[in-house]
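Colleague: One structure is given below, represented as structure tokens, and several questions about it will come after.
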Amino acid sequence: MSRRPPARRRPARRPRRPRQQQEHLVGLLLAAAAALWLMATVVHWLLAHWWILLAAAVIAVLGGIGWWQQRVQRAQWEHAQARALRYGLPQLDALSHRQFEYTVRDLMYRDGCTDAVQVGGQGDLGADVKATDPHGRRWVIQCKHRRHGEQGAAVGTPELQVLNGTGRPVHKADVVVMVTNGRITQPGRDFARQQRLHLVDRQLLASWAAGSRPLWELLPALPPPRKPSRLS
């Protein structure tokens, strides 16, 4: 019986990885060279056509001036519109609770609190409106809207206790205010006086919303300004 000839071993293939790395490196070098050539070409062209750069700069400056003028004019128009903001009690009574919060925010903005913001909602911790007046004092306001106005449920001590518990400790307010288009009970007024809370009831709200004086000129015993102001 004849033996089979031994199988011939195939020569091992040399790894192609070094060659692939070299090709990748060459590709990167070519790409970098092309990018440098393109940049040099663009710079050379721009230097040869410098007037295009000058024209683009002039157009950019004019565009920026126009944008700034429009922004200033819009701010002036919004300020003038806010200064003319007035509300009567029938208008306030017809609002929803959320609309009432936004109205109080707008009145604070009218008075000069440019950062006035409505924050009321679930988890607001007793704050419906926050603002900083021109004197630097931080205001935290809770709003209680009564659909039937003075005939609705009066704001009492429990609501004021919630506001007192969060106004200064949580929200770091200098001025803590309860605003309502309804009534406030006498025990609630006594509690507010003891805790240095400020109350805006229906009568004071009518004067504030329909007039032009800021709220800090209508409330007594406010804390001193935090910073010098032209209004102080």
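Bear in mind that the values in this text are calculations on the coordinates, not laboratory data. Since we're looking at a predicted model, the values are computed, not measured. Neighbour counts run over all protein chains shown; Cβ positions are idealised from the backbone, glycine included.
Colleague: Between TRP50 and GLU23, what length comes free when the chain is fully extended (0.36 nm per residue of separation minus the Cα-Cα distance, one decimal in nm)?
Modeller: Extra length available between TRP50 and GLU23 comes to 5.7 nm.
Colleague: Given a Förster distance of 22 angstrom, what is the FRET efficiency for ARG86 paired with GLN151, based on the Cβ-Cβ distance and rounded to 0.05?
Modeller: The formula returns an efficiency of 0.40 here.
Colleague: So in region 87-217, what percent of DSSP beta bridges are antiparallel if you round to the nearest 5?
Modeller: The antiparallel fraction comes to roughly 40 percent.
Colleague: If you split all Cα-Cα distances of region 87-217 into 5 Å bins from zero, what percentages do you get per bin, shortest first?
Modeller: With a bin width of 5 Å, the distribution comes to 2, 12, 22, 26, 23, 13, 3, 0.
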